[in-house]
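The values are calculated or read from the model by the stated rules, or taken from the named source; none is laboratory data. The structure displayed is predicted, hence computed values, not measured ones. Note that each Cβ is placed from the backbone with ideal geometry, even for glycine, and that neighbours are counted across all protein chains shown. We work out accessible area using only protein heavy atoms, side chains counted, and drop any ligands, DNA or RNA first. Shrake-Rupley method; radii C 1.70, N 1.55, O 1.52, S 1.80 Å.
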Amino acid sequence: MTGPLLEVIALDVRDAVAAEEGGADRLEVVADMSAGGLTPPAETVAAIAEKCTLPQMVMVRLDAGFTAGDEELARLRAQVREMAEAGAAGFVFGFLTAEGTVDLAAAEALIHAAAPLPWTFHRAVDHAADVQAAWRAVRLLPNLATILTSGSPRGVGEGLPVLRTRAEAGDAALIMAGGGLSFDHVPVLLDYGVKAFHIGSAARESWLSAVDPRRVARWRALLDA
């Protein structure tokens with residue numbers, strides 16, 4: 001793939017097939033979007049792998065928070081291994097300490113469990129106490145494919161100046177723009193050099209409905225224009 005990457009959130013096989021039909025390049029496979037996206041059942045990952053050729057980046061997260069204790073981390077490591085066997089192409093995770101800094105110990109434990117598969121650090125980075133310090137810490141971690149970020153906890157619209165600064169500093173290839181992403185943001189971000197885009201609710205009428213391939217196709221056309 002040489003053009004911009006389009007990643008679509010999928011909750012099940014129907015979503016995955018529709019995303020592929022619409023022209024998505026990659027899936028983020030999750031459960032329970034009411035909690036911001038949690039680890040899906042391994043059976044979902046396996047079922048998608050049977051019906052869809054798109055690579056699956058699987059969420060690894062047990063609750064809506066951004067922290068993980070030792071017991072939770074042990075469960076997450078087991079989930080990583082289970083999802084890899086089920087057909088995951090990579091993973092999505094990222095945790096903060098109680099003080100709001102990047103939890104490097106948790107990241108390194110999951111990176112080790114996931115190796116050699118790549119991973120994405122999710123939008124926890126936008127909720128850190130010091131967002132700039134968090135970005136610097138995450139970008140140095142091994143096997144990192146992308147960082148899902150809005151540049152702001154309030155969404156891409158508020159975070160565009162931060163994303164521009166990161167891109168101009170040489171990190172455009174790490175940025176996966178998502179979280180309140182709209183059509184109007186795309187040409188601006190492409191001009192910054194951002195090449196990866198993530199959509200969830202924008203690919204469907206609501207979280208109660210399936211991915212709409214026509215909506216995905218509109219994003220695909222915009223990215224390829």
Legend entry - Residues of segment 63-77 that turn out to be open to solvent by 40 Å² or more (accessible area, probe 1.4 Å) and either touching a residue at least 24 places away in the same chain (Cβ under 8 Å) or in contact with a strand residue (DSSP E or B) (Cβ under 6 Å, 6 or more places away or on another chain) (or both), as a count: 5
Legend entry - Test result for residue 124, under 25 Å from residue 6 (Cα atoms), touching a residue at least 24 places away in the same chain (Cβ under 8 Å) and out of contact with any Phe, Trp or Tyr (no Cβ under 6 Å at 6 or more places or on another chain): no
Inset, instruction - Give, as residue ranges, the helices (runs of 4 or more DSSP H) completely inside segment 125-208 that count at least 1 residues that are aliphatic (A, V, I, L, M) and open to solvent by 50 Å² or more (accessible area, probe 1.4 Å). - result: 156-166, 185-192
Legend entry - In segment 5-62, residue farthest from the chain's Cα centre (by Cα) [restricted to those that are of a type in the set (Val, Ile, Thr) and within 16 Å of residue 80 (Cβ to Cβ)]: 44
Legend entry - Where a residue in segment 214-225 is without any contact (Cβ under 8 Å) to a residue 40 or more places away in the chain and its partner, wherever it lies, is part of a helix (DSSP H, G or I), with Cβ under 7 Å and at least six apart: 222/186
